[in-house]
Amino acid sequence: MAQFGFCALLLFYFLFSGLVHHIKTHIQKKSKTAEKGQPNFIIILADDIGWGDLWVKRPDNSTPTPWLDSLMLMGKRFTDFHSPASICSPSRAALLTGRHGLRNGVTHNFADGSVGGLPLTETTFAQVLHDAGYYTAMIGKWHLGHNGSYSPVHRGFDYYFGIPYSNDMGCTDKPGLDLPSCPPCIRHHYTSRKHDQCYSKVALPLFENETIVEQPLDTWSLKDRYAAVAVTQIKTASVYRKQPFLLYVALAHMHVPLFHNAFLNVTTPDPYTASLSDMDSLVGTIMQAVSDELLENTLIWFTGDNGPWEQKCQFAGNVGPFVGRWQTSRGGGSAKRTTWEGGHRVPTVVAWPKRIKPNTTCRALLSGLDIFPTILSLAGLRPPSDRRYDGIDITDILLNDSDTGHKSLMHPNSGAAGQFGDLQTVRLKHHKAFYLTGGSEACGGGSGQQQYHNPPLIFDLSQDEAEESPLIPESEEYRSILRDVEREREALLWDIATDKVSTADYTTVPAAVPCCQPRNPACRCHSLKRALD
């Protein structure tokens, strides 16, 4: 009997050991699977930021952006990265779809009273990721339609918190810094106040999903509110839902009116630098949340929607060496709304621990159009096959030492000259051809006249990054480049003409303006439901 008990105990021991081994093996496999699983994506899009605003050495070696500096040291900086357009809505539509405005239908900005938005026939990367099991959240500026099916929560995002368009498209009680300065929202119906360059009738709304939770919102506390929501969404996805996630953060910084947290430890008297510090603090909160949750398999991609808004003078950013001197010497600005380098070359960095080599620089010709195909590729997903794309998958550039980007890149007209969306500026390797030039409104006023060029102006950016002196048309270099430019441009225009393209509805009606309480002055209301008190 004792012998039987011993045998039974021995049998139990082997069975238990096998079970423990099986469990340990299963846990190890699961751990390895998690390590190799689908990555998380955080896309941070700054507004109206200049190429020279970040990662540029200052005379006193100080920095207003320590978190973004550390992000650069963690990842790969791209020095020849371009926004898909030089104004808000077209740039964002192209980023989300990987397609130029001539394909996706969004060629100029939507208004506060727009009925439509990004055409419903277009697919965003958020929709593809969501359908594949990702938790998707967006914080910040949408500017691609705010009514009905055009809202972010109907375009692939599980959650949305932010402003439906630019932060100057509505009044506030405590206006930020702008040029010209705008008055606060009216508080009484009998108040008569009008400013030609300010939105004064309707207050700036803050949305949570499809509900206005505050109108007018307090922009001076917006950074803290965005930061708190970002942390919550990261935890919602990783801790509670245990899903891979996409977090798209479209900042109000650095668009006017400028603002910053009044309690931020900022010593500079310069309001633009103070706002940069505020933006950096928000980025830092997101980076810290990723670190706190040990989310090592998380890619962070920081870039901009277009260059600085020059007519805002001291409240505008720095284009660095890309000053568009050919244009500025003839009148007008050469940044936002133009196809000069200052309008679309934006500061960009991508970090991903153990996957992207830290503290590296890449000079490949790249675009915000590339975000769509790249993150889908990294997630192991394919985009819809019934249309064509302008972005390229840059996985090999991110993860390896490849520097093979676009051979050519087209810059759409964005308001300074020509028809919105037309592709009349062509980048070919280090050369750039202008079939049309024009300057935006400069600081102090004055715009450059629209001017067609046949043959086009061609600049060699490797020798002339200021775009000052075009090549001589009679030179052999010019003739050789022109042949390739014409070939590339004609091929793309034919590709678009034979593609499945969309058309945006730009109809505006007063009833489409977001207003939570029409009977109150400036639509004033404060919902009982607050995302952050």
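Within the stretch 146-156, can you find the residues that are under 18 Å from Ala252 (Cβ atoms) and open to solvent by less than 10 Å² (accessible area, probe 1.4 Å)? Selection gives Pro152 alone.
Kindly check whether there is at least one residue in the stretch 351-364 that is closer than 21 Å to Asp178 by Cβ and among the hydrophobic types (A, V, I, L, M, F, W, C). Checked the stretch 351-364: no residue is closer than 21 Å to Asp178 by Cβ and among the hydrophobic types (A, V, I, L, M, F, W, C). If a residue has to be touching an Asp or Glu at 6+ places or on another chain (Cβ under 9 Å) and either in a helix (DSSP H, G or I) or open to solvent by less than 20 Å² (accessible area, probe 1.4 Å) (or both) to count, how many in the stretch 379-388 make the cut? Number satisfying all stated conditions: 0.
Residues of the stretch 161-180 that are out of contact with any Gly (no Cβ under 9 Å at 6 or more places or on another chain), open to solvent by less than 40 Å² (accessible area, probe 1.4 Å) and not in a loop (DSSP other than H, G, I, E, B): Cys171 alone. Does Gly133 count as at positive phi, surrounded by fewer than 19 Cβ atoms within 10 Å (Cβ to Cβ) and not acidic (Asp, Glu)? Yes. The condition (being buried (at least 19 other Cβ atoms within 10 Å of the Cβ), in contact with a Cys (Cβ under 6 Å, 6 or more places away or on another chain) and polar (S, T, N, Q)) is satisfied by just one residue among Gln215, Gln233: Gln215.
Results for (1) of a type in the set (Asp, Glu); (2) without any contact (Cβ under 8 Å) to a residue 40 or more places away in the chain; (3) more than 26 Å from Gln233 (Cβ to Cβ), shown as yes or no for each residue.
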site	(1), (2), (3)
Pro59	no, yes, yes
Met72	no, no, no
Ser91	no, no, no
Thr107	no, no, yes
Gly117	no, no, no
Thr123	no, no, no
Val128	no, no, no
Asp131	yes, yes, no
Ala137	no, no, no
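Residue pairs whose Cβ atoms lie under 6 Å apart, separated by 6 or more positions or on different chains, with the first residue in the stretch 398-417 and within 19 Å of Glu441 (Cβ to Cβ) and the second open to solvent by 20 Å² or more (accessible area, probe 1.4 Å) and hydrophobic (A, V, I, L, M, F, W, C), are Asn413/Phe420.
Here's the yes/no breakdown for (1) over 29 Å from Asn109 (Cβ atoms); (2) part of a loop (DSSP other than H, G, I, E, B); (3) open to solvent by less than 10 Å² (accessible area, probe 1.4 Å); (4) touching a His at 6+ places or on another chain (Cβ under 6 Å):
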position	(1), (2), (3), (4)
Pro321	no, yes, no, no
Gln327	no, no, yes, no
Thr339	no, yes, no, yes
Gly343	no, no, yes, no
Val350	no, no, yes, no
Pro358	yes, yes, no, no
Leu369	no, no, yes, no
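Evaluating Asn209 against the criteria (1) in contact (Cβ under 8 Å) with a residue 40 or more places away in the chain; (2) on the phi > 0 side of the Ramachandran plot; (3) open to solvent by less than 10 Å² (accessible area, probe 1.4 Å) leaves one unmet condition, (3). Filtering the stretch 123-138 for residues that are assigned to a loop (DSSP other than H, G, I, E, B), under 19 Å from the mean Cα position of the chain (by Cα) and modelled with pLDDT of 95 or more leaves a non-empty set.
One line per residue, one yes/no per condition, for (1) in a loop (DSSP other than H, G, I, E, B); (2) open to solvent by less than 10 Å² (accessible area, probe 1.4 Å); (3) closer than 23 Å to Gly421 by Cβ; (4) modelled with pLDDT under 95:
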{"site": "Thr33", "(1), (2), (3), (4)": "no, no, no, yes"}
{"site": "Ile42", "(1), (2), (3), (4)": "no, yes, no, no"}
{"site": "Ile49", "(1), (2), (3), (4)": "yes, yes, yes, no"}
{"site": "Asn61", "(1), (2), (3), (4)": "yes, no, no, yes"}
{"site": "Leu68", "(1), (2), (3), (4)": "no, yes, no, no"}
{"site": "Ala94", "(1), (2), (3), (4)": "no, yes, yes, no"}
{"site": "His108", "(1), (2), (3), (4)": "yes, no, yes, no"}
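Of the residues making up the stretch 295-306, those that are within 16 Å of Gln243 (Cβ to Cβ) and either part of a loop (DSSP other than H, G, I, E, B) or modelled with pLDDT under 95 (or both) number 2. Which ones in the stretch 61-80 are over 20 Å from Met287 (Cβ atoms) and in contact with a Ser or Thr (Cβ under 7 Å, 6 or more places away or on another chain)? The one that is over 20 Å from Met287 (Cβ atoms) and in contact with a Ser or Thr (Cβ under 7 Å, 6 or more places away or on another chain): Thr79. For beta carbons closer than 8 Å, sequence separation of 6+ or different chains, a first residue in the stretch 212-238 that is at negative phi and assigned to a helix (DSSP H, G or I) and a second that is open to solvent by 20 Å² or more (accessible area, probe 1.4 Å) and of a type in the set (D, E, K, R), the qualifying pairs are Thr219/Lys174; Trp220/Lys174; Ile234/Glu293; Lys235/Glu293; Ser238/Glu293.
Among all positions in the stretch 307-315, there is at least one residue which is within 30 Å of Val128 (Cα to Cα) and either surrounded by 16 or more Cβ atoms within 10 Å (Cβ to Cβ) or of a type in the set (S, T, N, Q) (or both). Taking the numbered list (1) in contact with a helix residue (DSSP H, G or I) (Cβ under 8 Å, 6 or more places away or on another chain); (2) more than 21 Å from Thr97 (Cα to Cα) in turn, His143 passes all entries but (2). The set of residues from the stretch 243-262 being at pLDDT 95 or above and within 14 Å of Asp218 (Cβ to Cβ) comprises Ala252, Pro257.
Candidates Ser151, Ser166, Ser181: the one that is small (Gly, Ala, Ser) and over 21 Å from the mean Cα position of the chain (by Cα) is Ser181.
The values are calculated or read from the model by the stated rules, or taken from the named source; none is laboratory data. In this text the structure is predicted, and so the values were computed from the model without any measurement. Methodologically, a virtual Cβ is constructed for each residue, glycine included, from the backbone with ideal geometry; neighbour enumeration extends over all protein chains shown. SASA here: full protein model, heavy atoms, side chains in, ligands and nucleic acids out. Shrake-Rupley method; radii C 1.70, N 1.55, O 1.52, S 1.80 Å.
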